[in-house]
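Q: Sharing a structure, written as structure tokens. Questions coming.
The values are calculated or read from the model by the stated rules, or taken from the named source; none is laboratory data. Note that the coordinates shown come from a computational prediction; the quantities given were computed from them, not determined experimentally. Here the Cβ positions follow ideal geometry from the backbone for every residue, glycine too, while neighbour counts run over all protein chains shown. Remember, those area values only see protein heavy atoms, side chains included, never the ligands or the DNA or RNA. Shrake-Rupley method; radii C 1.70, N 1.55, O 1.52, S 1.80 Å.
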Amino acid sequence: MTATGFEKAPARDRRRFPGISSRAYEHPADRSALVALRRLTGFDTVFKALSGLLPERSLRLLFLSDSVRVGETQFPHLNTMLRDACYILDLEKVPPMYVQQDPKPNAMCIGLDEPIIVVTTGLVELLDEEEMRAVVGHEVGHALSGHAVYRTILLFLTGLALKVAWIPLGNVAIMGIVTALREWFRKSELSADRAGLLVGQDLQASMRGLMKIAGGNHLHEMNVDAFLAQAEEYESSGDLRDSVLKILNVLPRTHPFTAVRAAELKKWAETRDHQRIMDGHYPRRDEDKDTSVTDSFRQSATHYADAVRTSKDPLMKLVGDIAGGTADLGGKLRDRFTGVGANGSGTADRGGATEQQG
């Protein structure tokens, strides 16, 4: 296999997705933000200006000098997984991958000009081959979506803004920005989990990997169904106080909670959207430039509305009830001031009939 191409198919027979757009697997909130950024006039100019300020060259030199670069003679099994993942998602240029000594299981995709994938020794030692394949696919999904670019820029801007937080009310504004960015980061992780499933094409391996990240290398002591039941209990149990605590717990995080990630991935794996991708019906990246920002934001808004409506969380149920009550109140006020339904008059009946037909 060359640096920019492929000499053979993956080691195991898996479906490949030629020309697939990252829009195929992106979470609606993640997709709407990315579509907007891609279409933003002048963004390339800002990007080039910022790239000179970011320590990307320093990071590359650091990993080159103090980590192990994956290749045919170093961690060859990871090298095969990486190339397989790029082949399946049709990512033409294989990003460099490094293994970093760190007992904490972790992986990341960073960089501006070219993405770099870094995995820790703790992660390599924790996961089996199929579990690790899903993680590598996860990071390649980040690269295909452009998350490495936007994350690096936004993190830089966030760090820069925090330095001026001493300005009156500046900290309030900055925390609003940080909170919004972390919300997007969390949704981008859900997108990348989906990419990992498309690469590994083994839902149970993806579930096991997430379970091990949460509970360590004691798979014989854990159960996927019980782990997913934790996510169900987390979402539905408790009262409004617990709902507030959930929000406070998640705000400082860039990743969703692991059990929640597993439940979200399983839910997506059972959707028609996932099945259509597996059947070869998916958005192509040569159509990305024609993607409607408005449609993407509408899909994102619809997703959040559906999430509130179907959530079992006490606070979200309250929000849904209030929203529903507000809608009912609005309808009553409309009827009151337009005469529809008032005093049972014939005019009101005709108005109601006309509205029903409309």
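Q: For segment 205-221, take each phi angle, set θ = phi - 60°, evaluate the Karplus expression 6.51 cos²θ - 1.76 cosθ + 1.60, and give the result in whole Hz per residue in order, putting x for glycine and proline.
A: 5, 4, 5, 4, x, 5, 5, 5, 4, 7, x, x, 8, 10, 4, 5, 9
Q: Given the peptides 133-145, 203-215, 273-285, arrange them by the average over their residues of other C-beta atoms within 10 Å, most packed first.
A: Packing proxy ranking, top to bottom: 133-145, 203-215, 273-285.
Q: Give me the percent of accessible area attributable to carbon and sulfur for segment 109-149, probe 1.4 angstrom.
A: Its accessible area is 49 percent carbon and sulfur atoms.
Q: When all protein chains stay in place, what accessible area (Å², nearest 10, 1.4 Å probe) is found for T73?
A: Per-residue accessible area (T73): approximately 130 Å².
Q: Calculate, in nm to one decimal, what S65 and T271 gain on full extension: separation in residues at 0.36 nm each, minus their alpha carbon distance.
A: In short, 69.7 nm is gained.
Q: Quick check: with the 1.4 Å probe, what order do D66, D102, D84 take by accessible area, largest first?
A: Output order, biggest surface exposure first: D66, D102, D84.
Q: At H220 and R284, where each label point lies 7 Å from the Cα along Cα→Cβ, what is the point-to-point distance in nanometres?
A: Once both label points are built, they end up 5.1 nm from each other.
Q: So, one more: Let me cross-check R194: its accessible surface, 1.4 Å probe, with only protein heavy atoms counted, in Å² to the nearest 10?
A: It works out to around 30 Å².
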